[in-house]
Amino acid sequence: MTRSARHMTPPAKAGRTGRKWEPILLLLVAICLPAGCARDYVSGRPTFSLIDVEQEIALGKEYDAQVVEQYGLYEDPDLAAYLDEIGQSLAAVSQRPDMEYYFRVLDDGVVNAFALPGGYVYMPRGILAYFNSEDQLAGVLGHETGHVVARHGVERMSQQVLFTGFGLTDRLARRFPVVGGLATAPINLGLLKYSRDQESESDRLGVEYATRSGFDAHAMADFFHLLGTMSDQAGHSVPTYLSTHPHPEQRYEQVNQLADEWQAKVAFTPRGTKPIAYLQRIDGLVYGPDPRQGFTREGVFYHPALGFQFSVPAQWELSNTAARVIVLARQEEALVVMTPTGARSPAEAADTFQAEANLQEINRRKDSINGLPAVVVESVHVEGRQRTRMRSQFVAIGEIVLAFHALAAEPEYAAQTKSFDLLLCSIAPVTDQAVLAVEPRRVRVVQAHTAGDLAAVLVDMGISEDMLQETANLNGRNLQDAVARGEWLKIVQ
């Protein structure tokens, strides 16, 4: 959690279907029809969409800011430029070469990739760690670019407009509307869970773009096969990237077949880039969760990068993102939301939040929390018959001001006071030097010291038994595979 959170207004609920709504629905469709005539860039045929190209680009720009706020950008300019260079080469041979494309590396360990309408393609560092060549990277980048070109996200959004309303929804935002965007993910990626047909189309497009750009799309099939293998292994959850995609084995065969066809069709000339060229790019890549951006140990949440800590009430769940930290009671009857404010002082932060949230302030006082300057505000938010009681603490830690909002429905607030006090009164600077000096695990590219099967080679390199299978997956290999002395391998240190 490193960036200022933006306030977002929950969407209005869609009306129920029924005869009395028919005139409104007909009017909505009539209004939208002028924008409904769009072109399928892949087939060239007319298609229906409520979102025209200008709206598509505007939506992508808006959501891009929210995605970056939620996940954060990975701070490696050279890696970002490298990803963009390959992505732009793919976009240039697509059916929408004139669109402006943005290829971003997100600071998240999830094995996933996704795209938004308007030309935005995202590669979290988690999936970059599992690629073993430029060809694999290009295949997945091409697949995601295909979603943009074919306007799959726009199609899904159009369906949401017609049937359920378009916007951000979340059970916490409905229960505690005062926090709105503070307590919810800024973008509902569920809108972008494409159909199997859409995923298959993007596979075809990804193979086409990669092949036209000189990348071997067979490597794309190998990567999908790896993800399928990981999902079948005991103790491994299904990688997020497989959640809505076709069956891995069928997909492996189909992508290989498509690669053969396209390589014959365009008289394929490979770039011939060796795998080590890609591996060198990700040497030192942060692997998995980054403890410098927050971790919990023995009931205490530490944030080394920002230098603060607090106690987590027993049996409460904590969620940490680049934009906010949410600590939630088991039955979701209460929560604490922490965000940075961008204010110069606790008083300024309190004034800004109270004005934007439209709260009924009960009392306000200056305070000192474990030596940290603070302003504490008690307030009530009223929406219809719902009254939410909130205790907000705005705390200065060094040059930053953090906001902690503890809230519950007014009738339940008193019962949560003990838990709120435990967390809010424990906010303090981090003084443990071991915590301040904590470093994340990183991908390291090294040469095998000896020859043998992969398992034996990794053991010889000091890899623990519980990391053998994970390291094999990281290299796209089986533990029984033969490894030559001097061969380049990825390990985690």
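Only the coordinates and a few stated rules stand behind these numbers; no lab work does. These numbers come from a predicted model, not from an experiment. Quick reminder, even Gly has a Cβ in these numbers, built from the backbone with ideal geometry, and neighbours come from all protein chains shown.
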Checklist outcome for this item: Looking only at aspartates and glutamates whose Cα falls under 15 Å of Lys61's and that sit 8 or more positions away or on another chain, we get Asp52, Glu69, Glu100
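Enumerate by residue number the GluC sites (Glu not before Pro) in the range 328-432 meeting two conditions: DSSP loop (anything except H, G, I, E, B), and at most 10 other Cβ atoms within 10 Å of the site's Cβ.
For GluC sites (Glu not before Pro) across the range 328-432 that sit outside H, G, I, E and B with at most 10 neighbouring Cβ atoms in 10 Å, the list reads Glu399.
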Checklist outcome for this item: In terms of the charge dipole of the range 448-492, which places +1 on Lys and Arg and -1 on Asp and Glu at the beta carbon, the residue among Leu479, Gln469, Ala451 farthest towards the positive end is Ala451
Item to check | trypsin sites (Lys or Arg not before Pro) lying in DSSP loop within the range 427-493, provided at most 11 other Cβ fall within 10 Å | outcome: Arg485
Checklist entry - Which shape class, rounded, prolate or oblate, goes with the range 291-436 when its Cα gyration tensor gives a ≥ b ≥ c as root eigenvalues, a/c under 1.5 marks rounded, and past that a/b bigger than b/c marks prolate? => result oblate
Next on the checklist: To check my understanding: the extent here is largest minus smallest coordinate of the Cα atoms along each principal axis. What are those three numbers for the range 383-493, in Å, largest first?
Outcome noted: 69, 35, 22
Next on the checklist: Run the reach check for Lys265 against aspartates and glutamates, Cα to Cα strictly under 14 Å, same-chain hits fewer than 8 apart removed. What comes back?
Outcome noted: Glu208, Asp216
Checklist entry - For the range 275-288, in order, what is each residue's ³J(HN,Hα) by Karplus, 6.51 cos²θ - 1.76 cosθ + 1.60 with θ = phi - 60°, in whole Hz (x at glycine and Pro)? => result x, 4, 4, 6, 4, 4, 5, 9, 4, x, 4, 4, 10, x
Next on the checklist: List the aspartates and glutamates whose Cα sits under 13 Å from the Cα of Lys193, skipping any in the same chain fewer than 8 residues away.
Outcome noted: Glu144, Glu155
Checklist outcome for this item: Stokes-Einstein, Kirkwood over Cα pairs, the range 448-492, 25 °C, 0.890 mPa s; D in µm²/s equals 245
Item to check | Length released on extending from Ala355 to Asp197, taking residue separation times 0.36 nm less the Cα-Cα span | outcome: 52.1 nm
Checklist entry - Which far-off residues, 5 or more places away or on another chain, put their amide H under 5 Å from the one on Ala451, with H placed in the peptide plane? => result Arg485
